[in-house]
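Data first, discussion second: the structure below is written as C-alpha cells.
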Amino acid sequence: MTERDLEQVVAIENQSFPHPWTLEHFREELCSPHGFPLVAEADRGGVAGYLCPSLILDEGEILDVAVSGDFRGKGIGRLLVASTLEFFREQGVMRVFLEVRVSNQAAISLYRSLGFREAGCRKRYYENGEDALLMDFIINGVEHAV
Ligand SMILES: CC(C)(COP(=O)(O)OP(=O)(O)OC[C@H]1O[C@@H](n2cnc3c(N)ncnc32)[C@H](O)[C@@H]1OP(=O)(O)O)[C@@H](O)C(=O)NCCC(=O)NCCS
C-alpha cells in the first residue's frame, strides 16, 4: 500500500464497515514501524482489497482487511490473509491474533478455513454492543495459550 492507493482504500473501507478507518488512520499505518499494509491490485492497477497487519516482537495482528464489493468471492481475501501469514512466518512471528464481529460469518469462515481458531470473546467490544470473537493462529509450534 502506498499513498496513491489511499483514495481507493478509503472508498472500500467506507463501503465495508459501519465505523470506517479514516484517511489519516491509513496514513499512520503507512508510517508506523509496526505496520506493513498491503493491497491486492486488480488487473487494471486499481485496488481490489487491502490488509493492515501489525507486527510487534513475535506477535502479529490483523487489524483491518477488506475486499471491494465487485471483487468479493474470488479468493482475494484468502490471498491477502494467506500472504500476511506467510510474511509473519518469515519474520519469526509465533502467534497471530485478530478480532471479528460475531455476526461476520464470511470473515469467520475465511479465517477458520486458513487455520485460525477461536481463542476468546470480547463482550460488547463494538460500538453497537456486539461481541468480538478473538481468533488466533499459531505459527512455529507454540501451544494454544488463551
Ligand atoms: C471478509 C472478506 C474480506 C472476504 O473476502 P473475499 O475476497 O470475498 O473472500 P474469498 O473469496 O477469498 O473467500 C475465502 C473464504 O471466505 C469465506 N467466505 C467469503 N465470502 C463468504 C460469504 N459471503 N459467506 C460465507 N463465507 C464466505 C469462505 O470460507 C471462502 O472460502 P470458499 O471460497 O472456499 O468458500 C470480504 O467479504 C469483505 O471485505 N468483507 C467486508 C469487510 C470485512 O468484514 N472484513 C473483515 C473484518 S474482521
Can you compute the modelled spin-label distance between residue 138 and residue 28, with each label point 7 Å from Cα toward Cβ, in nm? 3.3 nm
At a temperature of 37 °C and a viscosity of 0.692 mPa s, determine how fast the chain diffuses translationally according to Stokes-Einstein, using the Kirkwood radius over alpha-carbon pairs as Rh; express D in µm²/s, rounded to the nearest whole number. 209 µm²/s
Just how large is the dipole of segment 3-138 about the Cα centre, in debye to the nearest 20, putting +1 at every Lys and Arg Cβ and -1 at every Asp and Glu Cβ? 520 debye
Label-point gap, in nm, between residue 78 and residue 15 - each point 7 angstrom along Cα→Cβ: 2.2 nm
What is the gain in length, in nm to one decimal, between residue 94 and residue 42 on full extension, counting 0.36 nm per residue of separation less the C-alpha to C-alpha distance? 15.6 nm
Which of 43, 64 comes first, and how do the rest follow, when ranked by fewest Cβ neighbours within 10 Å? 43, 64
Applying 1/(1 + (r/R0)^6) with R0 = 30 Å to the Cβ-Cβ distance of residue 8 and residue 57, what FRET efficiency is obtained, to the nearest 0.05? 0.40
Picking from 106, 83, 21, whose Cα lies most toward the positive end of the charge dipole for the chain (charges on Cβ: Lys, Arg +1; Asp, Glu -1)? 106
If neighbour count is taken as other Cβ atoms inside 10 Å, put 19, 34 in order from fewest to most. 19, 34
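Every number here is computed from the coordinates shown, using simple stated rules; none is lab data. All figures in this text were calculated on a predicted structure; none of them were measured in a lab. No Cβ is skipped: glycine too gets one built from the backbone with ideal geometry, and neighbour counts run over all protein chains shown.
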